Amino acid sequence: MDQIQHKFIEVNGLKLHVAEIGENESKAVLFCHGFPEIWYSWRHQMVAVAKAGYRAIAPDYRGYGLSDPPSVPQEATYSDFISDLYSLLDVLGISKVFLIAKDFGARVAYLFVLLHPERVAGVVTLGIPFLPPVLPPLKEGLPEGFYMARWEEPGRAEADFGRLDPKTVVRNIYILFSRPDVPVAEKNQEIMDLVDSSTPLPSWFTEEDLANYGALYEKSGFQTALKVPYRSLQEVFDVPEVKVDAPALLIMGEKDYCIKFPSMGGYIRSDQAKMFVPRLETVFIPEGSHFVQEQFPGQVNELILNFLKTHS
């Protein structure tokens with residue numbers, strides 16, 4: 001961890017915090033985090049790919065972690081995040097990268113590939129498969145207390161999270177989202193109430209890890225994080241063709257709660273995404289949760305390194 005360097009790079013009028021390790025500009029890997037993750041969620045993968053001879057770059061999105069917030073967080077968009085990544089590569093002098101993305105970062109990565117295919121050598125996603133730019137109704141078939149429905153509602157998550165300090169919010173989400181079941185609250189219950197304060201952290205997630213996340217969200221808060229992804233899912237994109245020619249890998253934990261979304265499990269297991277991503281390979285990690293890259297870093301690193309070696 002100590003060898004990872006940190007810098008601030010100005011793109012699109014904002015300073016993004018960027019963690020980086022490795023110096024090979026011709027073999028670069030750009031990591032796209034999810035929520036409640038941050039650059040730190042890629043700590044194990046960054047060191048591994050750097051040792052293998054790649055340059056590892058992990059930014060905090062605008063409004064996340066140590067990066068500057070947008071002037072109006074409630075107006076942040078996926079398009080902003082994609083534009084920031086494109087500009088970041090230009091500033092760093094990198095013409096082509098491998099994208100490795102987790103959770104909603106998978107949507108950021110795949111939209112980037114669709115919009116800028118010439119900049120991408122390959123894409124690896126964890127926890128979320130390729131989904132078309134026009135999303136199917138993810139809430140369909142799930143009750144009113146489904147966490148995404150609650151967090152999509154302006155003000156509700158802010159009130160729920162606001163009762164707690166940022167570290168506790170992250171703690172609760174890590175506990176909830178590492179379980180195999182979709183987080184759903186009762187009618188008069190909030191999502192944060194689903195976790196008892198005595199519940200221990202997952203065995204692979206330390207108090208030091210939690211402290212790092214807590215400090216980062218203490219700085220950024222959750223305003224931008226609630227807008228993107230949860231309140232931007234129906235954003236419209238001008239995509240010329242919904243086809244990804246680059247090689248792709250999906251890494252899924254068998255116990256990832258996302259598999260239980262209506263139609264998601266069947267979509268993933270039947271390789272329907274190959275209609276859009278013909279060169280897609282899917283690998284399941286038997287005991288893996290939604291945080292598989294932190295839970296089983298050795299297995300995930302091996303899969304990523306094999307992919308990079310094969311397609312470099």
In this structure, is Q45 in a helix (DSSP H, G or I), polar (S, T, N, Q) and under 23 Å from I251 (Cα atoms)?
yes
So which of V123, V170, V134, V182 ends up being over 26 Å from V283 (Cβ atoms), of a type in the set (V, I, T) and touching a helix residue (DSSP H, G or I) at 6+ places or on another chain (Cβ under 9 Å)?
V170
What number goes with the only condition from (1) within 20 Å of L226 (Cβ to Cβ); (2) modelled with pLDDT of 95 or more; (3) outside any loop (DSSP other than H, G, I, E, B) that V91 does not pass?
(1)
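Select from the stretch 146-195 the residues that are small (G, A, S) and part of a helix (DSSP H, G or I) and write down the one among them that is farthest from R231 (Cα to Cα). Full working, then the answer.
Looking only at the stretch 146-195, we keep the residues that are small (G, A, S), and these are 149, 155, 157, 159, 162, 178, 185.
Okay, now just the ones that are also part of a helix (DSSP H, G or I), so 149, 157, 159, 162.
Details: A149: 9, A157: 11, A159: 16, G162: 18 Å.
Applying the filter and picking the extreme gives G162.
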Yes/no for V49 being within 24 Å of N24 (Cβ to Cβ), under 19 Å from the mean Cα position of the chain (by Cα) and of a type in the set (V, I, T)
yes
Within the stretch 268-285, residues buried (at least 20 other Cβ atoms within 10 Å of the Cβ) and out of contact with any Gly (no Cβ under 6 Å at 6 or more places or on another chain) come out as I268, A273, V277, L280
Going by the structure shown, is N212 out of contact with any Gly (no Cβ under 7 Å at 6 or more places or on another chain) and surrounded by 14 or more Cβ atoms within 10 Å (Cβ to Cβ)?
yes
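Every residue, every condition in (1) more than 23 Å from L114 (Cα to Cα); (2) surrounded by fewer than 19 Cβ atoms within 10 Å (Cβ to Cβ); (3) among the polar types (S, T, N, Q), yes or no:
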{"residue": "G13", "(1), (2), (3)": "yes, yes, no"}
{"residue": "G34", "(1), (2), (3)": "no, no, no"}
{"residue": "A52", "(1), (2), (3)": "yes, yes, no"}
{"residue": "G65", "(1), (2), (3)": "yes, no, no"}
{"residue": "D84", "(1), (2), (3)": "no, no, no"}
Looking only at the stretch 139-174, count how many residues are over 17 Å from the mean Cα position of the chain (by Cα), hydrophobic (A, V, I, L, M, F, W, C) and closer than 19 Å to P36 by Cβ.
7
Given the condition within 17 Å of the chain's Cα centre (by Cα), under 24 Å from K255 (Cα atoms) and surrounded by fewer than 20 Cβ atoms within 10 Å (Cβ to Cβ), answer yes or no: does some residue in the stretch 176-197 qualify?
yes
Residues G53, G65, G34: which one is closer than 13 Å to H6 by Cβ, part of a loop (DSSP other than H, G, I, E, B) and at pLDDT 95 or above?
G65
Test: Q272 is among the polar types (S, T, N, Q) and touching a residue at least 60 places away in the same chain (Cβ under 8 Å):
no
Scan the stretch 260-267 and give yes if some residue there is at pLDDT 95 or above and surrounded by 16 or more Cβ atoms within 10 Å (Cβ to Cβ), otherwise no.
no
Test result for V91, of a type in the set (V, I, T), in contact (Cβ under 8 Å) with a residue 40 or more places away in the chain and within 24 Å of E294 (Cβ to Cβ):
no
When residues of the stretch 229-278 are limited to those that are within 18 Å of F104 (Cα to Cα) and polar (S, T, N, Q), the one farthest from the chain's Cα centre (by Cα):
S263
Residue pairs qualifying under the 7 Å Cβ cut-off, at least six apart or on distinct chains, with the first in the stretch 204-231 being in contact (Cβ under 8 Å) with a residue 40 or more places away in the chain and farther than 17 Å from Y174 by Cα and the second being of a type in the set (A, V, I, L, M) and not in a helix (DSSP H, G or I), are K219/L66; T224/A76; K227/A76; V228/A76
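The values are calculated or read from the model by the stated rules, or taken from the named source; none is laboratory data. On a predicted model such as this, the values are computed, not experimentally measured, just so you know. Neighbour counts run over all protein chains shown; Cβ positions are idealised from the backbone, glycine included.
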